[in-house]
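The values are calculated or read from the model by the stated rules, or taken from the named source; none is laboratory data. Given the structure is predicted, the values throughout are model-derived calculations rather than measurements. Using ideal geometry, Cβ is built from the backbone for each residue, glycine included, and neighbour counts are taken over all protein chains shown. When the accessible area is computed, the model is the full protein with side chains, heavy atoms only, and any ligands, DNA or RNA have been set aside. Shrake-Rupley method; radii C 1.70, N 1.55, O 1.52, S 1.80 Å.
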Amino acid sequence: MEKINKHFLLAMIIGGILPSLAVIIQFLGVGFTLIHNNPSFSETFRIETYQGARPAGLTNEASFFAFQLFFSNLALFYAFRKRIINFKIFITTALLFLIGIILSISRLGQLFFVIFYMVEFGRYINVFSSKGVLKLLFVMPILLVAVYFLSTISIGGFNIGERFMSTFEVEADLSTIERYGTTQALFSLLMKKSLLVGIGMYNFQYYIKDYLPDYMDVMYYPKGVSPASFNFVLQMIVEQGVLLFLAFMALNVLILKRTKNSFIRNWYIYLFLFSISFQTLNFSIPFLIMFFVFKNEENSLFN
């Protein structure tokens, strides 16, 4: 089992190094040609040279790069905690990942990484202990200086600080208007039509346009086309109903309680949280995550 975990972690780390290097090369504009032809994203064949274009790693979208890198970063942390890699490799690779995320200008990706580092750092110093609080107070000024420095940097016409904070501004741009608007529409749909009994998987798209707020009039959706939910948790509640959604969450808690292996448990948590936060995933993904737990794991739900 330990051998499997080691190879798995190293493969995940390498899988993050290559696209991070691609982002840096794309940002520098020294020449990087990538062929896009993925039917899953309704793509037609095109060649992108990334001369002046927003870096996207080895994907067709910067946010996809950020989401992929999230798991490579998670693997990096666990590889260091398991002493599979040394401190120098850990710091060097972590800085490479951080540079990649910054250069991608992905707001949700940046938010993901901020939350992840906060959680893992808090666990590392045992933040709820007296020593942990003292360590946090010691590190906080350094973190604030680093955050201030990053907030003054502009990349590709975007200021990093303003770009990150625009995530919390409803009318910052069309992207945030659509995200906040669809979330508000889903909540209204939930309260008026599907509080207890859901409307069925994928059916939100047939109702959501009737509940869009007025400030989304700047967006145009032709007949037969609806906006993406952009809030997968609310979408699941609307489509399943509150009772079924609570049963689903309770099952996940049961899985976590009965899985004793900390490596599996921690990866399950992050994989599950990721699956319900990424708006482009379909409804089956969170259910498939349940089978991440090995069948031969002692005290596993599936044993």
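What residue, of 32, 8, is among the aromatic types (Phe, Trp, Tyr), in a loop (DSSP other than H, G, I, E, B) and either farther than 16 Å from residue 102 by Cβ or at pLDDT 75 or above (or both)? After ruling out the rest, the residue left standing is 32. Of all the criteria given as (1) buried (at least 19 other Cβ atoms within 10 Å of the Cβ); (2) part of a helix (DSSP H, G or I), the one not satisfied by residue 263 is (1).
For the stretch 227-251, the set of residues classified as out of contact with any Leu (no Cβ under 8 Å at 6 or more places or on another chain) and closer than 20 Å to residue 174 by Cβ consists of 228, 230, listed by residue number. A single member of 142, 99 is open to solvent by 30 Å² or more (accessible area, probe 1.4 Å), modelled with pLDDT of 75 or more and under 27 Å from residue 58 (Cβ atoms), and it is 99. Check whether at least one residue in the stretch 112-122 is more than 16 Å from residue 143 (Cα to Cα) and charged (D, E, K, R), and report yes or no. The answer is no; no qualifying residue exists.
Residue pairs whose Cβ atoms lie under 9 Å apart, sitting 6 or more positions apart in sequence or on different chains, and linking a residue in the stretch 55-72 that is open to solvent by 10 Å² or more (accessible area, probe 1.4 Å) to a partner that is among the charged types (D, E, K, R) and modelled with pLDDT under 80, are 60/43; 60/48; 63/107.
Scan 185, 172 and give me the residue that is modelled with pLDDT under 85, open to solvent by less than 80 Å² (accessible area, probe 1.4 Å) and small (Gly, Ala, Ser). Give the steps one after another, and end with the answer.
Numbers: 185 fails: modelled with pLDDT under 85.
Checking each option against the conditions leaves just 172.
A count restricted to the stretch 196-221 and to residues that are open to solvent by 50 Å² or more (accessible area, probe 1.4 Å), over 14 Å from residue 178 (Cα atoms) and either among the hydroxyl-bearing types (Ser, Thr, Tyr) or not in a helix (DSSP H, G or I) (or both) stands at 6. Taken over the stretch 225-248, the criterion of being closer than 13 Å to residue 183 by Cα, among the polar types (S, T, N, Q) and part of a helix (DSSP H, G or I) is satisfied by 235 alone.
For residue 275, are the conditions met, namely being of a type in the set (S, T, N, Q), surrounded by 15 or more Cβ atoms within 10 Å (Cβ to Cβ) and either closer than 28 Å to residue 193 by Cβ or at pLDDT 75 or above (or both)? Show your work before the answer.
Values: of a type in the set (S, T, N, Q): yes; surrounded by 15 or more Cβ atoms within 10 Å (Cβ to Cβ): yes; either closer than 28 Å to residue 193 by Cβ or at pLDDT 75 or above (or both): yes.
In short, yes.
Here are some conditions: (1) modelled with pLDDT of 85 or more; (2) open to solvent by 30 Å² or more (accessible area, probe 1.4 Å); (3) under 23 Å from residue 268 (Cβ atoms). Residue 86 meets all but one. Which one does it not meet? All conditions pass for residue 86, except number (3).
The condition of being over 17 Å from the mean Cα position of the chain (by Cα) and on the phi < 0 side of the Ramachandran plot does not hold for residue 109.
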